[in-house]
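Below: the structure, in structure tokens.
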Amino acid sequence: MWPAAAAELARRSLEAPVLGATVSADGRTLELYALPLGTEPVPAGRLTVVSEVGRDSVEVAVSKNEAAAPADGAVCRVERRLHVLPVLLAEALGGRRVLDAASGAALTPMPRAEILRPRQLPAGWYLVEEWPLREGDRQTGWTQRYGPTADRAGLVVVQRSASLGPNERFAVDRVDAQDVSVRGTAGIWSRQSNWTATSLVWSEGGWEVALGSWASDASPPALDETATLAFAASLIAGLR
């Protein structure tokens, strides 16, 4: 292999594609969610981000480091499957695009103030993980998963841009659909034909919001219709 080609491969092996991002209410802080390539786990602190701010865009480049990054650098924390890196901007993001240098893709940061989170959870439950909702090569919203443990059945909260139309994940193979009132608007509660999952879907603030509860082994879904509606009623934007 030619030296230049080998150097390019070595450089690309260190890149960590950014799957999505959030942006703070003041537009000054991005949080990037990246997935390191390779078969070996990458510990916290081993990904760093370099950002280049232009008039029309902010380009971000996330890469792996052989050694831990310096303490004053923008380094990653690990949230289960993904690495999260902060990017502090000198001025608000505004209408500038966010570009991932590794993939060349434009990101659509989720406004952190618009993420719906529950004010209270069922006893023993917690936020297991959250991640950017991606469809094809773009970020279309945000996903959170709650439950009693990381491996047991629970509930997923999916916010997806309403301009994209209905999310087929919560429409295909559904039966017993019922019109319900949720958060002062019209929603639809339904279940899968084999009774392994239920969903509650409505539109709010430019988002299609879906709560999906699924079964564990031979058990019914973790939350029934009444409990799912109560979970939806407890959601509030901008909790953190």
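The values are calculated or read from the model by the stated rules, or taken from the named source; none is laboratory data. Not measured: the values here are computed from a predicted model. Every residue, glycine as well, gets a Cβ built from its backbone with ideal geometry; the counts of neighbours run over all protein chains shown. Note: accessible area is taken over every heavy atom of the protein model, side chains too, but ligands, DNA and RNA are not part of it. Shrake-Rupley method; radii C 1.70, N 1.55, O 1.52, S 1.80 Å.
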Q) Of all residues in the range 124-141, which are under 16 Å from F231 (Cβ atoms) and open to solvent by 20 Å² or more (accessible area, probe 1.4 Å)? A) G124, W125, Y126, L127
Q) Which of the residues that make up the range 146-155 are open to solvent by less than 20 Å² (accessible area, probe 1.4 Å) and not in a strand (DSSP E or B)? A) A153, G154
(Q) Testing V158 on (1) open to solvent by 60 Å² or more (accessible area, probe 1.4 Å); (2) under 22 Å from A113 (Cα atoms); (3) aliphatic (A, V, I, L, M), one condition comes back false. Which one is that? (A) (1)
Q) Looking at T198, is it in contact (Cβ under 8 Å) with a residue 12 or more places away in the chain, of a type in the set (V, I, T) and farther than 24 Å from E79 by Cα? A) yes
Q: Mind listing whichever residues of the range 167-185 are at pLDDT 85 or above and either open to solvent by 30 Å² or more (accessible area, probe 1.4 Å) or small (G, A, S) (or both)?
A: Q178, D179, S181, R183, G184, T185
**Q.** Total residues in the range 33-50, condition outside any loop (DSSP other than H, G, I, E, B), under 20 Å from the mean Cα position of the chain (by Cα) and of a type outside the set (S, T, N, Q)
**A.** 4
Q | Verdict on D72 being among the charged types (D, E, K, R) and at pLDDT 90 or above | A | no
Q | Pick from the range 79-105, criterion modelled with pLDDT under 90 and among the hydrophobic types (A, V, I, L, M, F, W, C), ranking: nearest to P221 (Cα to Cα) | A | A105
Q: Mind counting the residues in the range 191-210 that are open to solvent by 50 Å² or more (accessible area, probe 1.4 Å) and farther than 26 Å from R152 by Cβ?
A: 4
